[in-house]
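Structure record follows, encoded as structure tokens.
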Amino acid sequence: MGASTIPPIAIIGGGPCGLTLARLLQTASINFVVFERDESPTPTLRSQGGTLDIHKESGQEALRRAGLHDQFKSLARYDATTMTLMDFQGKFRASFGGDDDDGDRPEIDRRQLRQLLLNSLPTDRIRWGKILDAVGQKENGGARDWTLKFRDGSTESGFRLIVGADGAWSKVRSLITDAKPIYSGKSFIEGRISPDNSQYKLAQQIAGKGTAMAMSAKSTLAVQQLSDASYRMYMGVVAPESLTRPGGDADPNDMDKARKTMLGSGGFYENWTQDLRRLIKASEGPWRPWPLYRLDKTLFSSNDEDVHDGRPRWKRAPGVVLLGDAAHLATPNGEGVNQAMYDALVLFDQIISETWVREGPYDQKYDAEALERAIVAYEKEMRPRAYEHIQSSIDMEDMMYADDGAQRMIEAFKCAHGES
């Protein structure tokens with residue numbers, strides 16, 4: 001089949017997940033278009049993010065298959081893998097990792113990873129400023145022709161496959177399931193310590209080149225260094241969804257009020273050690289709120305009772321597939337971007353397996369059937385992995401926000417590192 005005669009695959013979302021799939025498709029000369037909500041490749045507060053540890057068997061494997069592993073290694077920080085754990089008083093302190101010589105889980109800024117993937121793609125394959133509002137369909141030659149409707153009033157159609165890599169609040173997800181993200185009862189609030197901050201040396205002492213995490217029953221604090229030597233801070237609190245919304249007690253538009261909510265009498269960090277309180281007080285704004293949501297794990301359960309108790313179900317919508325957070329949103333557990341990039345690799349392999357062998361002119365009906373087989377095979381592999389991913393995130397929450405969270409986390413790290 002001539003590649004120029006075959007309709008493109010539409011990828012909704014230009015984060016690491018969608019861009020990984022795009023790059024993999026490019027290596028096989030499969031036509032695609034990425035629709036991304038950001039106005040340009042320039043990182044925004046929403047898209048910039050912190051630092052990610054990319055795992056050898058998942059995220060790195062996807063990059064290797066995409067022909068980008070050497071470039072990744074030139075950017076990755078193998079000396080930034082140290083994790084320092086402590087309780088809210090700075091006690092029960094322990095550090096793990098360090099120079100990650102075997103390359104299992106080096107760090108890279110999210111913006112660097114995204115730019116690496118963007119640089120590998122033709123600029124005319126990415127449409128910026130495209131916020132998806134709705135997806136419609138019509139029959140066309142025995143296959144479904146999907147129409148994408150964007151907020152700017154434009155429409156696009158004529159795609160052989162719609163890939164939803166559009167994150168937690170995916171518009172594409174509604175074609176597969178009625179399931180909506182569930183608030184976890186916890187929120188992150190993100191701040192920054194730049195090199196000229198008065199408490200920068202304190203951040204260096206606490207986190208070094210890696211990450212430090214402190215825990216209590218109602219709040220946590222993570223401090224991690226980025227490639228520009230600044231530190232990203234994540235205040236994690238057990239709180240209602242309204243906490244960071246406009247008018248809420250930690251509304252980032254009112255930084256004085258937000259800091260008082262964190263540090264004042266009755267605040268989330270009132271009884272924390274002074275060093276950690278100083279970091280929070282000095283953290284630069286505007287803080288970015290990040291309420292933590294997840295999908296119900298039973299969406300991916302093989303238990304018949306979960307399927308028949310009235311909960312939303314996962315359905316097949318021919319010509320549509322979900323990846324990453326759009327498919328299996330979970331709260332942070334160190335696996336999110338890796339699972340998402342691995343989704344892209346698994347789907348790519350199934351597309352190649354089902355569509356690569358046929359010769360002759362493009363046949364829309366045959367292609368739709370082949371792609372449907374690829375999606376079914378992808379979902380068969382993805383679903384149990386998604387269940388475990390969400391369960392792992394729940395287990396991580398339970399550990400981090402326990403009274404003895406620091407001790408439990410240290411024991412878990414000791415076990416993972418083969419220490420007694």
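Every read-out reported here was derived from the displayed coordinates using simple, explicitly stated rules and does not represent laboratory data. From a predicted model like this one, the values you see are computed outputs, not experimental measurements. No Cβ is skipped: glycine too gets one built from the backbone with ideal geometry, and neighbour counts run over all protein chains shown.
Modelling each spin label as a point 7 Å along the Cα-to-Cβ direction, I'd like the ASP256/ASN119 distance in nm, to one decimal.
Computed distance between label sites ASP256 and ASN119 equals 4.5 nm.
Taking square-rooted eigenvalues a ≥ b ≥ c of the alpha carbon gyration tensor, is region 100-216 rounded, prolate or oblate, where a/c under 1.5 means rounded and, failing that, a/b exceeding b/c means prolate?
The shape class here is prolate.
Taking amide H positions as placed 1.01 Å from N in the peptide plane, with prolines and chain starts having none, which residues 5 or more places from PHE32, or on another chain, fall under 5 Å of its amide H?
Residues meeting the criterion, in which the H sits 1.01 Å from N, are ILE9.
Please report the orientation-averaged projected area of region 183-292, defined via the convex hull of its C-alpha atoms, in nm².
Taking the Cα atoms of region 183-292, their convex hull projects to 6.4 nm² on average.
Give the distance, in whole Å, between the Cα centre of region 384-417 and the Cα centre of region 109-132.
Going from one Cα centre to the other spans 33 Å.
Could you compute the FRET efficiency for SER194 and ARG311, with r as their C-beta to C-beta distance and R0 at 30 Å, rounded to 0.05?
0.10
Let me understand region 229-279 better: what is its radius of gyration from the alpha carbons, and its Dmax, in angstrom?
11.4, 33
Please list the non-local residues whose amide H lies under 5 Å from the amide H of GLY167, H modeled 1.01 Å from N, same-chain partners needing a gap of 5 or more.
Long-range HN contacts for GLY167: ASP325, ALA326.
Which value in deg cm²/dmol, rounded to the nearest 500, describes the helix-derived mean residue ellipticity at 222 nm for the chain, given -39,500 (n - 2.57) per DSSP H run of n ≥ 4 and division by the residue count?
Mean residue ellipticity at 222 nm (helix-derived): -10500 deg cm²/dmol.
If you average the sequence gap of Cα pairs under 8 Å that are 6 or more apart and divide by the length of region 183-292, what percent do you get for the contact order?
In percent, rounded to a whole number, it is 36.
Beyond 19 Å, what percent of the Cα pairs of region 48-139 remain?
Of all Cα-Cα distances in region 48-139, 56 percent exceed 19 Å.
Just tell me which lysines come within less than 19 Å, Cα to Cα, of LYS260; anything on the same chain fewer than 8 places away is out.
LYS186, LYS218, LYS281
Using a simple charge model, +1 on the beta-carbon of Lys and Arg, -1 on the beta-carbon of Asp and Glu, nothing else, what dipole does the chain show about its Cα centre, in debye to the nearest 20?
I would put it at about 860 debye.
Kirkwood hydrodynamic radius, computed over distinct alpha-carbon pairs, for the chain: how many Å, to one decimal?
22.6
Picking from SER170, SER265, SER353, which is most flexible by a Gaussian network model of the chain using Cα springs under 10 Å?
SER265
Among TYR200, TYR231, TYR342, which one shows the biggest mean-square fluctuation in a GNM of the chain, springs joining Cα atoms closer than 10 Å?
TYR200
Within the chain, which DSSP H helices have Cα atoms that stretch 27 Å or more along the helix axis and a mean Kyte-Doolittle hydropathy of at least -0.5?
Sorted by number, the helices that extend far enough and score high enough are 336-355.
Specify whether the C-alpha gyration tensor of region 286-404 places it in the rounded, prolate or oblate class, a ≥ b ≥ c being the square roots of the eigenvalues: rounded for a/c under 1.5, otherwise prolate if a/b is larger than b/c and oblate if not.
Judged from the Cα gyration tensor, region 286-404 comes out prolate (a/c at least 1.5, a/b above b/c).
Quick check on region 183-292: of the DSSP beta bridges with both residues there, what percent are antiparallel, nearest 5%?
Roughly 100 percent of the DSSP beta bridges within region 183-292 come out antiparallel.
Could you identify which residue out of GLY405, GLY15, GLY67 has the top mean-square fluctuation in a GNM of the chain using Cα springs shorter than 10 Å?
Comparing GLY405, GLY15, GLY67 in the GNM, the peak value goes to GLY67.
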